[in-house]
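Written out below as structure tokens is the structure these notes cover.
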């Protein structure tokens, strides 16, 4: 099993990985992992920084006006009127 330490805005976590699972433990003074974490820090180690958040998705485009919808279809208002008269 490997253990890494991760800093987040919520605190520091121990991340335990083995071939079948990953578990995380919030490191608090009453945590059994806390003593091991302090020893690891005293050896000069540094926890991994918090990952960068995912960028926000782009805003949806503004709705098209009826004239823009016609233009996207390759028509003008006059052309549509002509088509509707026939």
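Only the coordinates and a few stated rules stand behind these numbers; no lab work does. No experiment lies behind these values; they were computed from the predicted model shown.
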(message) From Cα pairs below 8 angstrom and at least 6 apart in sequence, can you work out the relative contact order of the chain, rounded to a whole percent?
(response) 21
(request) Provide, for q = 0.12, 0.18 Å⁻¹, the log10 of I(q)/I(0) from a solvent-free Debye sum over equal Cα point scatterers in the chain. (result) -0.54, -0.87
(message) Between helix 32-42 and the chain, what is the angle of the helix's C-alpha long axis to the longest principal axis, kept within 0 to 90° and rounded to the nearest 10?
(response) 80
(request) Express in % the proportion of alpha carbon pairs of the stretch 2-42 at distances exceeding 12 Å. (result) 58
